[in-house]
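A.B. asks: Handing you a structure now.
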Amino acid sequence: MAIHLCRDYNTQNVTTGNRTYIYAYLLAIFMRRVLGYSYVGDTNFNINSVGTLLIATGDTTPTAATPTFPPGNRAGINLGFQKEFFVSIPAGVRTVNLNDVGRILVLRSTSNPTFNSGIFVIVGFDIPTNSYIIDYRTLGDKPPVEPADSMNWYLYEKDTNCPTQGVGNTLKTSAEYRGDGNSTTPRIMLQSPHSTNYQVRICNESTADVATGPTTLTCPTTSVAVGLGGNASGDFLAGGSHSHAPQWANSSGVQYLGGAAGMSDGGGSIGTQFRVTMIGGDDGYGVAVFARRPGNGTQPTGFICVFGLPFNEPLPLPSNPAARLFTIGTGFSGSDNFGAREINDMGLQAGPIYSIINANNVSQGMSVSPFGVPVSCSASFWAYITGGGQNTGPQLDASASDTPFISSTELLPLDLIQGTTSGWNTGTTAIPVYPLAPRLMGTIPYVYEGRANFGDFSPSTDPGRSFQHMRRGLFIPWNGPNIIP
C-alpha cells in the first residue's frame, strides 16, 4: 500500500460562486486517477473518458478499471538544472500548447507518491522538450527525478470549468429528495479498490436540495456518501445500503439536515481563494480532504471531509459491509472548519447543525447501522475527565509540548463512534430520525490527534517530515516536500 498526496492545490477560480464546486472536481479526479478507484457511473460529471473535462492522456483505456500506458506513453519530471519543475509529455500523444496553461495535470508516481503524485496547475510550457511547467507547491524543494515514461498522467480542464449544479428530479414532489433520477445535477459514483468494493457518491446537490439554514431542506453544497449498490446514473437507491440519509429516506425534510455530510466552504466572497490538500491510500481505505484560505488567517470558512473504512476495526466485523463505512464533513451549505474544537473553529468534533447558524464550529457524520439503516457517526477526541469535555482536551492545552519519552510530539489515533444521536438538527424542527445504536467502528484513516500549539500547517521537525500539522491539533502523514507557509 502506498499513501499518495495532493499537496496544497491553489484554486484558480476566485471570481464566481461556482468555485464552491471545485472541491468535488478535484476529489473525484484524485480518487479516480491517483488512488485507483474505478468508475461506476455519473450524470453530467464525466471525468472518465476523453472529452469536455478529460482533455488528453497516454492511457489508451481511460474508462477501464485499470489504466493501460503502452511503452513511451508515460510522463517524466525534473529535466535538470532550471527545468526541475518541467514534466515531459510524449509528443506522439500530446503537443503542449498555450491553451493548456491553467489546466490541471494529474500525475501518479509509484516511486515518490508523496512528492510527485497529485493534481498540479499548469503555469507554462516548453516546446523544445514538449513539457509542461507545473506549480509544484513547495518552499525550496525540488521534485525527485523521474525519467521520461515513468509516471501516469492525465490532462484535465481548468477548475473554472468544473461541473457545478443542476435542477432536481422533475418526477418528484418538493417533499422528496430530488438530486437523483432525471435530475441534471452533476454526480459521480466511484468504487474503491478495497476488497469490500464499497462505493463513494460525490454529488453537487441540486438547487432543490441544498440547505442554507436549520429550517431549509437537507443537503450541503456537495455531499460525499459511502455505501453499496450504486447505479450508472451515479445514484444510490432509496432504502439502500448507504450513508446518504435524505436519499435513503427519499425526503427533503429538515429533520434529515446533516444526514448527507460533505463539503462546502460557506460561499465566502468574490476573490476568495482556497488551498486544498488531500491524502489517501491506493488500498482504497479512504480519503481526507482539507481546504483552507491562503495565509491561514482566522477566517472560519475552511473545512475537512474524511470518509471510507476505519483503521483498527474491532472484531468481529459486521456482517453488513456497509456498516463498516463512514463519512464526516460539512452538514449544510455553511462551513465546518477543521481541528479539535475551539470557539468558531472546528472540524471533526461533532455537534448539532442548528448551532452552525451562529458559529461555524461543528461537523456531522453518517454511517450505516449493522441492521442496514443510516446512523450518526462522530469522531471521539481525548478529553479531560475533570470537565470541559472535548473543548478543553489535552490537544488544546496551552502547556502541551513534546513528550519527554520520545522527545517529539506524540500523535494519537481518533476513534469513530456510530449511533450516538438520533438527529443532527436540534432546532425547532428537530425530529428523531436515526436509531441509537452505539458502536465503536475503529479509528479514522490518515488523520491523527496531537497538540494544537505546534504551528498551523507545519511539517514535523524530523528529517523525513513524517507528519504535517494542519490546524487545531489534526495531523496527517506527510513524508513530502517542504510546505509553503
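A.B. asks: So, in the range 70-92, exactly how many residues are under 16 Å from Thr57 (Cα atoms) and of a type outside the set (Val, Ile, Thr)?
C.D. replies: So the answer is 11.
A.B. asks: Just for the range 52-102: of the residues that are touching a Leu at 6+ places or on another chain (Cβ under 8 Å) and not hydrophobic (A, V, I, L, M, F, W, C), which one is surrounded by the most Cβ atoms within 10 Å (Cβ to Cβ)?
C.D. replies: Ser88
A.B. asks: Still on this structure, please answer the following. Mind checking whether some residue in the range 144-157 is touching a residue at least 12 places away in the same chain (Cβ under 8 Å), buried (at least 22 other Cβ atoms within 10 Å of the Cβ) and not in a strand (DSSP E or B)?
C.D. replies: Checking the range 144-157: not a single residue is touching a residue at least 12 places away in the same chain (Cβ under 8 Å), buried (at least 22 other Cβ atoms within 10 Å of the Cβ) and not in a strand (DSSP E or B).
A.B. asks: Give, as residue ranges, the strands (runs of 3 or more DSSP E) completely inside the range 82-136 that count at least 3 residues that are farther than 25 Å from Arg465 by Cβ. Write out each step before concluding.
C.D. replies: Working: elements: 86-88, 104-108, 118-126, 131-134.
Once the strands (runs of 3 or more DSSP E) in the range 82-136 are filtered for at least 3 residues that are farther than 25 Å from Arg465 by Cβ, what remains is 118-126.
A.B. asks: Further question: Just give me the residues in the range 125-169 being of a type in the set (Gly, Ala, Ser) and on the phi < 0 side of the Ramachandran plot, in sequence order.
C.D. replies: Scanning the range 125-169 gives Ser131, Ala148, Ser150, Gly166, Gly168.
A.B. asks: Return the total of residues in the range 175-204 being among the aromatic types (Phe, Trp, Tyr) and within 22 Å of Asn320 (Cβ to Cβ).
C.D. replies: Residues that pass the stated criteria total 1.
A.B. asks: Among the residues of the range 438-485, how many are of a type in the set (A, V, I, L, M, F, W, C) and over 29 Å from Asp283 (Cα atoms)?
C.D. replies: Within the range 438-485, residues that are of a type in the set (A, V, I, L, M, F, W, C) and over 29 Å from Asp283 (Cα atoms) number 2.
A.B. asks: Would you mind stating whether Arg465 is crowded, with 18+ Cβ neighbours inside 10 Å, at pLDDT below 90 and assigned to a loop (DSSP other than H, G, I, E, B)?
C.D. replies: Values: crowded, with 18+ Cβ neighbours inside 10 Å: yes; at pLDDT below 90: no; assigned to a loop (DSSP other than H, G, I, E, B): yes.
Here the answer is no, as Arg465 does not meet what is asked.
A.B. asks: Moving on to the next point. For residues that are aromatic (Phe, Trp, Tyr) and assigned to a loop (DSSP other than H, G, I, E, B), scanning just the range 421-462, find the one that is farthest from His4 (Cα to Cα).
C.D. replies: Tyr434
The values are calculated or read from the model by the stated rules, or taken from the named source; none is laboratory data. Note that the coordinates shown come from a computational prediction; the quantities given were computed from them, not determined experimentally. FYI the Cβ positions are ideal-geometry reconstructions off the backbone, even for glycines, and counts take in every protein chain you see.
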